[in-house]
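Report on one structure; see the data block that follows.
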Amino acid sequence: MANSQTEKQVRVRFAPSPTGFLHIGGARTALFNWLYARHTGGKFLLRIEDTDAARNTQEAVEVILTGLRWLGLDWDEGPLTGDATAAGKGECGPYFQSQRGENYRQRVAWLLERGLAYEHEGAVKFRMPREPVIIPDLVVGKVTRELTDRERLDPDFVIVRSDGQPVFHLVNVIDDLEMGITHVIRGEDHLSNTAKHIALFRAFGVEPPQYAHIPLILNIDGSKMSKRDKGASLLSYIEEGFAPEAVANYLCLLGWSPKGNREMVPLAEVVGLFDLPQILRHNARFDLNKLHWLNGEYIKVMSPERFRELAAQALLRLGIDTSRFEAGYVRAALDTAKQKVKQFNEVKHFAAFYFRDNLEFDNEALRTELLAADRKLVTKLRDALALVAPWDAKTSETAVKATATELGVKIGALVHPLRVACSGSTVGPSLYHALEVLGRERVLQRLDWVLQQPVPGA
RNA sequence: GACCCUAUCGUCUAGCGGUUAGGACACCGCCCUUUCACGGCGGGUGCACGGGUUCGAUUCCCGUUAGGGUCGCCA
C-alpha cells in the first residue's frame, strides 16, 4: 500500500478510442488499471481519445461506459456520459481529447520555441534522440529500444498533421503529463512506441511515468484477436448471457494468477492480491470453455433473485416477456433451471417452454419422433396424470412409475415422450419438478396436442 | 527488411537449480440418474530445439525455431 506521506498517490488511466465497441483486450487493460488503483488506494481515470472526430460518436463512447460499468469498474475521474462537451468528474478535465485542443497547441508552441520540434511541409515533427532509449518496465523489465532501419534514416516523427490535428503519441503524452498519471498500464502493442513517449516527456522537462506493458489476448488458435473475431467485443459476452463477475474473474486469470491453485476469486479479493510485477510476460489465449465453466460456478453461488433477474433478461432477448405471467409461476419456473445452466442463453432450453403456448421443438426430427410415439402408452400416461392428486413433483413421479410398471415398460419409455411433449426438448430441468410448475392443465394440454396430431406416415 | 517481447499438458496456469513437474478447463472411462447438468472415482497428455554454466537444469546464459508486437500526417 502506497504511503501518501512519502510517495505520490498512484494515478492510472484507461484511455480508449471510441470505435463503437469495447475490445475484450481493452476491457482487461481497464480491469488491470482499475485493480492497481484499488490495490494501492490510488485513482482510476477514464479518458476518451476521440481525436478522430469524424469517426467518433456519442453512442460509441456510451458503449465503453456501459461496458466498464457492466464489469463493475468505476472510475474516480472521467466522463459521466458520452457527451464530450458535458462536464466530467475530476479536476483534470476535460477528459475528452476533442476538448483539449488548446492544451496541445500550447505544448507544441513550447516545443517549437525551443527547437525541440520543427515544421516540415506544413506538419510539425519532433526531434527524436538518435540514441537507443531505455524503457524501464514493471512487467517486462528493462528494455533497450534500438532504432529500426527506417528510423535510422529519419528518427523524427510527426506530432501535428498538416491539417493541424495532433497525433496520438503527442496527445497521449501531454494528457498523461497534465493528468498526473504515475503508471501507464497498457497493452504490449505499445511497448515499441514507448521510446517516443519517453523522449516526449523528457522534452517537456519531466520524468516519464512508470510503465507496465501487459501481454495481449489472442484467439484460441493463437492468432491475434481483431475486431472481426467473434468474442472480440465485450458486448458479445453481455448478449450471450455471461455474468459480469464471471467475465471479470476470467479476465483476471489471463496473464495473472492468484496462486494457490485457485480459479474462482471474486474481484473484491483480487484487489488485495493484485500487483504489477507478478503479471506474466507472455500472451494468453482466450478459452471460451473455461469462461463457460466459470460462469456456471458463479451461477451456482448466485442468489435466486439475481439468477431470476438475469434469466428473465435472457428470455426477453428471445422475445419472451415473463412479466406477463403470474410472479409465483415465473419464480417457480426459473428456479428449476438454476442448477442446470452455465450460461444465461441456455435458459432457452431450460425454461422457455414454460412460457410458450406453442412449443418450439429443438429440431423437426424430434417433433416427428414424438408424433410417431406409441399412442397407447401416451394415452395411458395422460389418463394416469389426469387422476394425480394433489399435483406435485412427488405424486406425478409416483404416477409415471406406476404406469410404467402397469404397462410393463421401462420408465424411460414414458419419460422420454413426456419430456418432449411438455418441453419440446430432450434436455431440460428435472422432469417432475417441471411438471409440478407447469401444472396439470398445461401438461394435459400438451399431451392432448400430441394425441390429436395425425400419426406421420399413417 | 529492421527493432522489441515471449516460449511448462490442447488451453489458462503453479514452479523461481535437486519435485513421482502441482491445479483448473477441455477430453476419455466407470458410478449416480427421468434427460441434461451436478457430484463421486479413475485415466492420458507438458517443460519447443541445440549448445553452454553447474555435481545437477523446466528453472541461469547464448543461439535456432515458432508466435506476437512495432517501425503512419491511425489510435
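The values are calculated or read from the model by the stated rules, or taken from the named source; none is laboratory data. Keep in mind it's a predicted model, so treat the numbers as computed, not measured. Here the Cβ is made from the backbone with ideal geometry for all residues, glycine too, and neighbour counts use every protein chain on show.
Report yes if A:Arg152 is farther than 28 Å from A:Trp256 by Cα and near RNA strand B (Cβ under 8 Å from one of its atoms), otherwise no.
Judged against the criteria, A:Arg152 is a match.
Determine which single condition A:Asn56 fails, assuming it passes every other condition in (1) in a loop (DSSP other than H, G, I, E, B); (2) at pLDDT 95 or above.
Among (1) in a loop (DSSP other than H, G, I, E, B); (2) at pLDDT 95 or above, the lone unmet condition for A:Asn56 is (2).
Can you report the number of residues in segment A:320-342 which are surrounded by 19 or more Cβ atoms within 10 Å (Cβ to Cβ) and in contact (Cβ under 8 Å) with a residue 60 or more places away in the chain?
3
If you go through segment A:202-224 one residue at a time, how many are surrounded by 20 or more Cβ atoms within 10 Å (Cβ to Cβ) and either under 9 Å from the mean Cα position of the chain (by Cα) or part of a loop (DSSP other than H, G, I, E, B) (or both)?
Within segment A:202-224, residues that are surrounded by 20 or more Cβ atoms within 10 Å (Cβ to Cβ) and either under 9 Å from the mean Cα position of the chain (by Cα) or part of a loop (DSSP other than H, G, I, E, B) (or both) number 3.
Could you please find all residues in segment A:85-135 being hydroxyl-bearing (Ser, Thr, Tyr), surrounded by 16 or more Cβ atoms within 10 Å (Cβ to Cβ) and not in a helix (DSSP H, G or I)?
The answer is A:Tyr95, and nothing else.
Against the definition (surrounded by 13 or more Cβ atoms within 10 Å (Cβ to Cβ) and either in contact with a strand residue (DSSP E or B) (Cβ under 9 Å, 6 or more places away or on another chain) or part of a loop (DSSP other than H, G, I, E, B) (or both)), how does A:Trp293 come out, yes or no?
Taking the combined requirement at face value, the residue does not satisfy it.
When segment A:155-188 is examined, which residues are found to be within 8 Å of RNA strand B (Cβ to nearest atom), in a helix (DSSP H, G or I) and of a type in the set (A, V, I, L, M)?
The one that is within 8 Å of RNA strand B (Cβ to nearest atom), in a helix (DSSP H, G or I) and of a type in the set (A, V, I, L, M): A:Val171.
To keep it simple, each residue is scored yes or no on (1) touching a His at 6+ places or on another chain (Cβ under 6 Å); (2) under 22 Å from A:Asp321 (Cβ atoms); (3) assigned to a loop (DSSP other than H, G, I, E, B).
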| site | (1), (2), (3) |
| --- | --- |
| A:Lys342 | yes, no, yes |
| A:Phe353 | no, yes, no |
| A:Phe361 | no, yes, yes |
| A:Ala373 | no, no, yes |
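Being touching a strand residue (DSSP E or B) at 6+ places or on another chain (Cβ under 7 Å) and near RNA strand B (Cβ under 8 Å from one of its atoms) is the filter here, so list the residues in segment A:197-224 that pass it.
Within segment A:197-224, A:His213, A:Pro215, A:Leu216, A:Leu218, A:Ile220, A:Gly222, A:Lys224 qualify.
Please go through segment A:254-290 and pick out each residue that is assigned to a loop (DSSP other than H, G, I, E, B) and within 14 Å of A:Leu218 (Cα to Cα).
A:Leu254, A:Gly255, A:Arg281, A:His282, A:Asn283, A:Phe286, A:Asp287
Please go through segment A:294-319 and pick out each residue that is touching a residue at least 12 places away in the same chain (Cβ under 8 Å) and out of contact with any helix residue (DSSP H, G or I) (no Cβ under 9 Å at 6 or more places or on another chain).
Correct list: A:Lys300 only.
So the check is Cβ under 6 Å with 6+ separation or different chains; which pairs have a first residue in segment A:393-422 that's within 16 Å of A:Arg442 (Cα to Cα) and a second one that's within 13 Å of RNA strand B (Cβ to nearest atom)?
A:Ala393/A:Tyr432; A:Ala393/A:His433; A:Ala393/A:Glu436; A:Ser396/A:Tyr432; A:Ser396/A:Leu435; A:Arg419/A:Leu431
All but one of (1) modelled with pLDDT of 95 or more; (2) within 12 Å of RNA strand B (Cβ to nearest atom) hold for A:Val341; state the number of the condition that does not hold.
A:Val341 satisfies all of (1) modelled with pLDDT of 95 or more; (2) within 12 Å of RNA strand B (Cβ to nearest atom) except (1).
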